[in-house]
Amino acid sequence: MHLQLGASNGTLLDGSESWGEVAEGALASWNSGMTNMRFTVIRDSTSALGYGNSANNVFFSSTVYGEGWDSRTLAVTLSRTNSNGVRLEGDVIFNNNLSWNSYRGPLRSSTGGGTLNDFRRVALHEFGHVLGLGHPDDIGQVVSAAMNSTSSNTDGLTADDIAGVRAIYDSGGSVTGGVTLYMQNPVS
């Protein structure tokens, strides 16, 4: 994942010194739940931003590659696949028109009113989409999950999130040596 999040304006509420530090922690949370797959990080990447560049860009932007944000969207994951369904790229864009910080516990209010968006819980959610997970509540599941379609007081991965990613990547044993993993269609 090419982390291109820029500097935070000082220490975040959870004590983190940068958005990149928080993103790396979120990726490590997913890594700890999987046996046969691992995210890797390029800190402060200088890769060109662009959909279709085969780099997994992670960044803040006032638009989604030139398209405006709707009033409800905190972040998006854009995945590109080839004609065989092999995933080639997963960009994660955070809406920088919103108030952000990083904290644990229930959702908080911002000083200007509304929700103070927790970067870590949104990053966990979006990185789940990179892995191929969908929203369990969109298909009628009633579960506590970071992958539900709206931000909630759930501030970490849950058993449902880990079960979903293990269903995609883990067959019960460890894979030794080098392997190439191709992500297919999202599952819940």
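Restricting the first member to the range 62-88 and to residues that are over 18 Å from G50 (Cβ atoms), and the second to residues that are open to solvent by less than 40 Å² (accessible area, probe 1.4 Å), the beta-carbon pairs closer than 6 Å and six or more apart or on different chains are W69/N95; L74/N95; L74/N117; L74/V122. Sub-8 Å Cβ pairs linking a first residue in the range 26-50 that is over 21 Å from L78 (Cα atoms) to a second residue that is open to solvent by 50 Å² or more (accessible area, probe 1.4 Å) and small (G, A, S), at least 6 apart or interchain, are T35/S174; N36/S171; N36/S174, ordered by first then second residue.
For the range 73-85, the criterion of being under 20 Å from N9 (Cα atoms), buried (at least 16 other Cβ atoms within 10 Å of the Cβ) and at pLDDT 95 or above is satisfied by at least one residue.
Pull up the range 46-75, narrow it to residues that are outside any loop (DSSP other than H, G, I, E, B) and touching an Asp or Glu at 6+ places or on another chain (Cβ under 7 Å), then point me to the one that is farthest from S152 (Cα to Cα). Ranking the qualifying residues of the range 46-75, first place goes to N57.
Which one is modelled with the lowest pLDDT among residues in the range 45-72 that are surrounded by 12 or more Cβ atoms within 10 Å (Cβ to Cβ) and of a type in the set (S, T, N, Q)?
N53
Of S109, S99, all but one fail to be over 17 Å from the mean Cα position of the chain (by Cα) and without any contact (Cβ under 8 Å) to a residue 12 or more places away in the chain; the exception is S109. Of the residues in the range 25-37, at least one is in a loop (DSSP other than H, G, I, E, B) and either under 30 Å from T111 (Cβ atoms) or among the polar types (S, T, N, Q) (or both).
The values are calculated or read from the model by the stated rules, or taken from the named source; none is laboratory data. Since we're looking at a predicted model, the values are computed, not measured. Because the Cβ atoms are built from the backbone with ideal geometry, glycine has one as well, and the counts that use them run over all protein chains shown. Just so you know, the surface numbers come from the protein's heavy atoms only, side chains and all, with ligands and any DNA or RNA stripped out. Shrake-Rupley method; radii C 1.70, N 1.55, O 1.52, S 1.80 Å.
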